[in-house]
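**Q** Quick one: the structure is below, and I'll ask about it shortly.
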Amino acid sequence: MHIFYYPTKDATIYSGSTPGKIESTDVTTINTGLDEILEVDKWIPDNGTFPLVDTNSVSRVLLYFDNTSLSSSVADGTITNPTYSLKLFSTDTTTEVPLSYTINVIPLSSSWEMGIGKKDNNPIQKDGVTWQWRDVSGSENWSNPGGDIVSSKTISPLGLVNFISSQTFEYEKNDINVDVTQAVKHQISGNIDNHGFIVKHTTGQEQSNTSYGSSKFFSRDTHTIYVPKLDVSWDDSIFNTGSLTGLSVIDGDFNIYMRGVNEAYKQDSIERFNVYGRRRIVSSSFSTTSNYLDVKYLPETTYYSIKDYKTNEDIIPFSSNTKVSCGSNGNYFNFRMSTLQLERMYKILYKVVSGDNVYIFDDNKFSFKVVK
């Protein structure tokens, strides 16, 4: 099972001069709470030297996810032993990509206000979070300019727990997909406060004389499908075949079909999709019922995936957390429609693994729309 949580706040904060702003602009006071783009950037000043990181030429991204409902679902056992991943999607802007760089994701230790500004506002909008301030309008500054973080903490009986998550890129500009399980787990348990995350280059990269260009990502205010998200995933499959017999798939001569797939589903609904497998050619025999109606269960190594129908991009890829379940009436999986964005078409794919053989079923038959 996968559930997506979307940020309720995000912003980019700037430490110094940036492309597109005149040198006299104090970007440390710029609020960007309503920008459609988030930037993790670094530039070398024109004079060829790079001063301290807290004065100029660096930008960092802040994101906050409300964990209230997530905490309740973990507490009541609805979600068990989950993995948490932070995902940001690149805008694929054409800027020079460095040979190698690392992005760090670290929990914030202080609260902040998103604000309503944009980088290109003239005059600039100062209310909300900036490099210097957690909230300009409330005159609340960061203890450390650029964001207060909790990189590690001693937690009994675990000892020192590291909360820094990283992703390294080689010769590429790509989406961010970082495992933040350690941090979110301790935010939910109350061992650290939940004030969201900061996304930044490593301190060494920020302070070096190497330029890392501009890494741009879609924000919560984007009008695309590429909204940042916290992906919560866990294995919710149950496999109890009862009196059913298994479907032979070893030769690949079988089909997968579904019954009762609606054209549209409400976003607040939890749906059960029933999945069936059958041989392409069924041997004839004397019977009062069709052999095609005989329900047989698919292998336990059967998985589902969800794709955006228009872009054909994976929304939920095949994984150990998308196993198809089995009960006395056949195979199925449960799905929370709140995971998907409104007014878009999606399709369901299936993968069946049998020994060394992998069979993919992607014929656009199993499609639906999510509505309000």
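The values are calculated or read from the model by the stated rules, or taken from the named source; none is laboratory data. In this text the structure is predicted, and so the values were computed from the model without any measurement. No Cβ is skipped: glycine too gets one built from the backbone with ideal geometry, and neighbour counts run over all protein chains shown. Side chains are part of the model used for accessible areas, which takes the heavy atoms of the whole protein and leaves out ligands, DNA and RNA. Shrake-Rupley method; radii C 1.70, N 1.55, O 1.52, S 1.80 Å.
**Q** Do you know which residues across region 198-237 are outside any loop (DSSP other than H, G, I, E, B), within 15 Å of the chain's Cα centre (by Cα) and either more than 22 Å from D92 (Cα to Cα) or among the basic types (K, R) (or both)?
**A** Within region 198-237, K229, V232, S233 qualify.
**Q** Would you confirm whether any residue within region 302-325 is over 31 Å from the mean Cα position of the chain (by Cα) and either of a type in the set (D, E, K, R) or modelled with pLDDT of 90 or more (or both)?
**A** There is no residue in region 302-325 that is over 31 Å from the mean Cα position of the chain (by Cα) and either of a type in the set (D, E, K, R) or modelled with pLDDT of 90 or more (or both).
**Q** Can I ask one more? Being in a loop (DSSP other than H, G, I, E, B) and open to solvent by less than 10 Å² (accessible area, probe 1.4 Å) is the filter; apply it to region 43-67 and report the residue that is modelled with the highest pLDDT.
**A** So the residue we want is F65.
**Q** Exactly one of (1) over 24 Å from L230 (Cα atoms); (2) open to solvent by less than 40 Å² (accessible area, probe 1.4 Å); (3) modelled with pLDDT under 95; (4) not hydroxyl-bearing (S, T, Y) is unmet by F169. Its number?
**A** (1)
**Q** Just need a number here: residues in region 268-287 that are at pLDDT 95 or above and part of a loop (DSSP other than H, G, I, E, B).
**A** The total comes to 1.
**Q** Would you call S248 open to solvent by 20 Å² or more (accessible area, probe 1.4 Å), farther than 23 Å from F333 by Cα, of a type outside the set (K, R) and outside any strand (DSSP E or B)?
**A** Here the answer is no, as S248 does not meet what is asked.
**Q** Go through region 195-237 and give me each residue that's among the β-branched types (V, I, T) and within 13 Å of V40 (Cβ to Cβ).
**A** Result: I198, V199, T202.
**Q** Which fully enclosed strands (runs of 3 or more DSSP E) of region 151-197 have 3 or more residues being under 11 Å from V105 (Cβ atoms) and in contact (Cβ under 8 Å) with a residue 40 or more places away in the chain?
**A** Answer list for region 151-197: 165-170, 176-179.
**Q** Report yes if some residue within region 8-17 is at pLDDT 95 or above and open to solvent by 30 Å² or more (accessible area, probe 1.4 Å); otherwise report no.
**A** Yes: region 8-17 contains one or more residues that are at pLDDT 95 or above and open to solvent by 30 Å² or more (accessible area, probe 1.4 Å).
**Q** Return yes or no: is I225 of a type in the set (A, V, I, L, M) and open to solvent by 50 Å² or more (accessible area, probe 1.4 Å)?
**A** no
**Q** Here's something else I'd like to know. Looking at S85, S110, which one is part of a loop (DSSP other than H, G, I, E, B), at pLDDT 95 or above, open to solvent by less than 30 Å² (accessible area, probe 1.4 Å) and not acidic (D, E)?
**A** S110
**Q** Taking region 126-146 as the region of interest, how many residues are open to solvent by 80 Å² or more (accessible area, probe 1.4 Å) and either of a type in the set (A, V, I, L, M) or modelled with pLDDT of 90 or more (or both)?
**A** Qualifying residue count, region 126-146: 4.
**Q** Going by the conditions given, is Y257 among the aromatic types (F, W, Y) and modelled with pLDDT under 95?
**A** yes
**Q** For region 251-267, what are the residues that are of a type in the set (A, V, I, L, M, F, W, C) and in a loop (DSSP other than H, G, I, E, B)?
**A** V261
**Q** To continue, here is another question. Right, P123: open to solvent by 60 Å² or more (accessible area, probe 1.4 Å) and either part of a loop (DSSP other than H, G, I, E, B) or among the charged types (D, E, K, R) (or both) or not?
**A** yes
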